[in-house]
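Every number in this text was worked out from the coordinates using simple rules, so none of it is lab data. These numbers come from a predicted model, not from an experiment. Cβ coordinates were reconstructed from backbone atoms using ideal geometry, including for glycine residues, and neighbour counts include every protein chain displayed.
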Amino acid sequence: MSGRIETRKWASAIGFSATPMLIATVPLLWFSSQSGVRWAYSLFGKDHPLNFGGNPSEVLSHLLNWILMTLGCSGGLGASLIATSLLKSEPGWQSRFAVVPAAIFGFSLSGLLFWTGFLDYRFGEGAVVMSFVLFFGPATALSATAALRLLTSRASLRKKLVQVIALFVLAISFQWIYEHSGSGGPNVLVLPLLFIQVWAWSYFSKRLNRKYPGDAVEGARCTIESRSPNL
């Protein structure tokens with residue numbers, strides 16, 4: 001390999017990073033059509049699990065919120081972390097490679113925000129962008145900061161994947177609770193639940209890092225040991 005990252009791993013990492021955006025295009029294309037909009041409007045007044053809002057337009061807005069937060073924020077963050085961990089597992093890893101999954105995550109999230117905001121402006125309540133600015137965006141930024149400890153851990157890719165999936169399921173469960181609302185945005189439970197979500201990313205990432213300390217910790221230990229006098 002001569003210290004170079006395998007092409008196969010690069011392709012896997014890039015594909016994995018782009019997966020949430022690719023999945024999100026399916027429902028967004030549906031909601032970009034008149035038939036998709038009519039279907040979302042038809043959920044209002046029905047005993048349907050996706051009837052989130054207090055009027056037809058609001059139902060669509062909450063569905064767009066769901067796509068943006070689940071696939072764009074939580075899914076995109078988890079996918080970029082696993083993609084970076086996949087690249088980091090290669091002997092030829094260098095820190096500058098981290099920009100690739102992170103850049104894909106940033107571009108994908110920006111694209112989803114623009115797309116959902118445009119559909120919400122045309123057919124919804126117009127609160128998707130505001131909800132992102134006030135709630136989803138800051139929570140995602142704080143979660144990403146907390147999750148950086150996950151990348152410094154020497155834990156196996158499988159252990160990291162298990163943690164990311166568990167936190168992704170937690171995010172979906174929380175959104176199922178706070179997305180039901182009689183206003184354009186999520187209900188008041190969005191604040192405490194997003195706080196718990198950020199705390200969960202911080203707690204479990206620190207826990208995994210303590211159990212499987214990273215290169216910096218191991219390097220510091222080796223330095224201390226090498227400087228200690230021989231007994």
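Where does helix 215-227 land angle-wise versus the long Cα axis of the chain, in degrees 0 to 90, nearest 10?
20 degrees
Only Cα pairs within less than 10 Å get springs; with that Gaussian network setup on the chain, which residue of H48, H180, H62 has the largest fluctuation?
Highest fluctuation of the listed residues: H48.
Using helices alone, I'd like the mean residue ellipticity at 222 nm for the chain: each DSSP H run of four-plus residues gives -39500 (n - 2.57), total over residue count, nearest 500.
-23000 deg cm²/dmol
Please report Rg (one decimal) and Dmax (integer) in Å for the Cα set of region 7-227.
Calculated on Cα positions, Rg and Dmax stand at 19.3, 72 Å.
Let's test the formula: R0 of 25 Å, r as the Cβ-Cβ distance of V169 and V26. What FRET efficiency results, to the nearest 0.05?
0.75
May I ask for log10 I(q)/I(0) of region 122-166 at q = 0.17, 0.27, 0.30 Å⁻¹, from a Debye sum over the Cα atoms as equal point scatterers with solvent left out?
-0.63, -0.94, -1.03
Specify the longest stretch of the chain that does not include any exposed loop site, a site being one of the trypsin sites (Lys or Arg not before Pro) with a non-H, G, I, E, B DSSP assignment and at most 11 other Cβ atoms within 10 Å.
Of all site-free stretches, the longest is 47-231.
Which value in nm describes the separation of the simple spin-label points at F114 and K159, placed 7 Å from the Cα toward the beta carbon?
Going from the F114 label point to the K159 one covers 4.0 nm.
Counting only pairs 8 or more places apart or on different chains, how many lysine pairs in the chain have C-alpha atoms closer than 20 Å?
So the count works out to 11.
If you average the sequence gap of Cα pairs under 8 Å that are 6 or more apart and divide by the length of region 7-227, what percent do you get for the contact order?
25 percent
Using the beta-carbon distance between V188 and K46 and R0 = 41 Å, what value does 1/(1 + (r/R0)^6) give for FRET efficiency, to the nearest 0.05?
0.95
Mind checking the angle between helix 56-67 and the chain's longest principal axis? C-alpha axes, 0 to 90 degrees, to the nearest 10.
Taking the Cα atoms of the chain, the angle to 56-67 is about 10 degrees.
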